[in-house]
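The values are calculated or read from the model by the stated rules, or taken from the named source; none is laboratory data. All figures in this text were calculated on a predicted structure; none of them were measured in a lab. Virtual Cβ from ideal backbone geometry, glycine too; neighbours counted across all protein chains shown. Just the protein is used for accessible areas: all its heavy atoms, side chains included, with ligands, DNA and RNA removed. Shrake-Rupley method; radii C 1.70, N 1.55, O 1.52, S 1.80 Å.
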Amino acid sequence: FRYALNILVFYFCLQVLNEKKLQEVDSLWKEFETPEKANKIVKLKHFEKFQDTTEALAASTALVEGKLSKNLKKILKKIVAKDAHEQLAVADAKLGGVIKDKLNLSCIHSPMVTELMRGIRSQIEGLITGLPSREMAAMCLGLAHSLSRYKLKFSPDKVDTMIVQAISLLDDLDKELNNYIMRCREWYGWHFPELGKIITDNLTYCKCVRKVGDRRNFASSDVSDILPEEIEEDVKAAAEISMGTEVSEEDINNIIHLCDQVIEISEYRTQLYDYLKNRMMAIAPNLTVMVGELVGARLIAHAGSLLNLAKHPASTVQILGAEKALFRALKTKRDTPKFGLIYHASLVGQTTAKNKGKISRMLAAKTALTIRYDALGEDTSAEMGAENRLKVETRLRHLEERGIRRISGTGKALARADKYQNKSEIKVYDPSGDSTLPAASKKRKIQEVEEQDAVVAVKAKKFKAEMKETNLEEDEPVKKKKKKKEKKKQAEEEEELTEEVPTSSAVEMKHRLMSPSSSRVATFVCFQNTEKKKKKKKKVKDEDED
């Protein structure tokens, strides 16, 4: 190859003089230490200056995008006309491919070419004479500023500041709308309280109040464009028998003005939501497909930018937004939170409470991949996000089916079914319980039988000894109780005899009983004594039983 093409604030083409020294890539920088050495390697072949900064900006942007500008095409055609057999050294491989296709000029790109370009840039002032270093520095700085402004102006899709501001404004609008609607319902509720129960939609409520005003106008007004026929009839019937207070026209005008504000803010909110949706699809399409516009925008706003969010690992993305709960759990040594802002994603919301942690962990891992792809990748398609979402949905379906099927971690392997076992709930009759004969035991060795018999005999002796001791302990209190009962009986019999004959002595009683005239009396006394004894014996038995 013979020529090297460069662009700074002008086009210039250099011819290589000594090709042998270029073969030594590692020591090539030594040939460009001084301008004199550099002039021995390369020589200026063609030079063309730009007319103004606009032309220089157009040429530089074309080269950055890998396109071939008109001025560059003219210069290369002149070179091809003179030396068509020579090769062209190009620093950008993409630009070299375009030149080869359109001009049929052989181009080369290798590590040696990059070292050559680096040496040429270091000695550019010595290779191109007639350009002061101060002017060249000013031209380079002006072109760099122009190129930066062009990139910011014509590639605003990668500016995620708009998303951060839009989602913050959307949250503020939601808060203000809630406050305005609550105030409007409470204010108009003093005049027509039944309307708030009939119409539940806030926007429809405000539109109805703005159109009708006083509740007495409901009978003569047509609200069919706002309300269905059934609800319209209910509203008119409730307006006739309403329990609300009367208000002045000034109050009604203020309420209508508040309703106008609510309707305008609601319309602007819908417009802002559409703008946010389009912005998210332009900046982070894969993230939008995975978790939705609102959750994705909140993640970006919480991290500060899409690039900062791409630096976070999947574990941080999972609990992003739950920092207070995380540090509280670490401080109190309890379980850490399983999800943060990602909890509001549709995939987490449609799972059961048991599987929310698993799905949020997998969703955070796939979301981290899509965020890095959106932030650092050049492709703007949402195919990767759709594939990852399909994997998460498949995992969710398998978890909901309670593990009937298995799937690999990558999601590419075929699903395998478990071995089928028919477990019937109908109980079958077991005929083994009908037999009363003992089951035949296996034959045992003689030593084992003798050892077991000895152990059984020892246990039986111990058991008999324990039983004797317990019987003796139980018999002693029983005997003592019997003796006490007998003593009580004897004492009671003696008391009865003393009570029957308190004054007479025992001798006189014997004489009376022995005389024939007193035989009847004696029998009568004996009969009474026996009856009393029987009664007392019954009492003693009853007491013993108790």
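Has the range 169-181 got any residue that is within 24 Å of SER248 (Cα to Cα) and either touching a helix residue (DSSP H, G or I) at 6+ places or on another chain (Cβ under 9 Å) or surrounded by 18 or more Cβ atoms within 10 Å (Cβ to Cβ) (or both)?
Yes, there is a match, as at least one residue in the range 169-181 is within 24 Å of SER248 (Cα to Cα) and either touching a helix residue (DSSP H, G or I) at 6+ places or on another chain (Cβ under 9 Å) or surrounded by 18 or more Cβ atoms within 10 Å (Cβ to Cβ) (or both).
Could you please let me know if SER224 is in contact (Cβ under 8 Å) with a residue 40 or more places away in the chain and open to solvent by less than 80 Å² (accessible area, probe 1.4 Å)?
Taking the combined requirement at face value, the residue does not satisfy it.
Condition first: buried (at least 16 other Cβ atoms within 10 Å of the Cβ) and in contact with a Phe, Trp or Tyr (Cβ under 9 Å, 6 or more places away or on another chain). Now tell me which residues in the range 108-123 satisfy that.
Within the range 108-123, VAL113, GLU115, LEU116, GLY119, ILE120, GLN123 meet the criteria.
Looking only at the range 297-319, which residues are β-branched (Val, Ile, Thr) and under 12 Å from ALA375 (Cβ atoms)? Give the steps one after another, and end with the answer.
Filtering the range 297-319 down to residues β-branched (Val, Ile, Thr) leaves 300, 316-317, 319.
Hit for the range 297-319 is ILE300, nothing else.
Return yes when ALA239 is part of a helix (DSSP H, G or I), at pLDDT below 95 and in contact with a Lys or Arg (Cβ under 6 Å, 6 or more places away or on another chain) and no when it is not.
yes
Here's the yes/no breakdown for (1) open to solvent by 20 Å² or more (accessible area, probe 1.4 Å); (2) over 20 Å from ALA301 (Cβ atoms); (3) assigned by the TED database to the domain that holds ALA310:
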{"position": "ASP335", "(1), (2), (3)": "yes, yes, yes"}
{"position": "PHE339", "(1), (2), (3)": "yes, no, yes"}
{"position": "SER346", "(1), (2), (3)": "yes, no, yes"}
{"position": "GLY349", "(1), (2), (3)": "yes, yes, yes"}
{"position": "LYS356", "(1), (2), (3)": "yes, yes, yes"}
{"position": "ILE359", "(1), (2), (3)": "no, yes, yes"}
{"position": "LYS366", "(1), (2), (3)": "yes, yes, yes"}
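Of the residues LEU272, LEU203, which single one is open to solvent by less than 70 Å² (accessible area, probe 1.4 Å), touching a residue at least 12 places away in the same chain (Cβ under 8 Å) and closer than 30 Å to ASP374 by Cβ?
Step by step, each of LEU272, LEU203 is checked, and only LEU272 is open to solvent by less than 70 Å² (accessible area, probe 1.4 Å), touching a residue at least 12 places away in the same chain (Cβ under 8 Å) and closer than 30 Å to ASP374 by Cβ.
Conditions: (1) in contact with a helix residue (DSSP H, G or I) (Cβ under 9 Å, 6 or more places away or on another chain); (2) in a loop (DSSP other than H, G, I, E, B). TRP187 meets all but one. Number of the miss?
Every condition holds for TRP187 apart from (2).
Provide a single number: the residues in the range 92-107 that are farther than 15 Å from LEU72 by Cα, part of a loop (DSSP other than H, G, I, E, B) and aliphatic (A, V, I, L, M).
Here the count works out to 0.
Output the residues belonging to the range 290-309 that are surrounded by fewer than 21 Cβ atoms within 10 Å (Cβ to Cβ) and either over 17 Å from ASP171 (Cα atoms) or not assigned by the TED database to the domain that holds HIS344 (or both).
SER305, LEU307, ASN308, listed by residue number.
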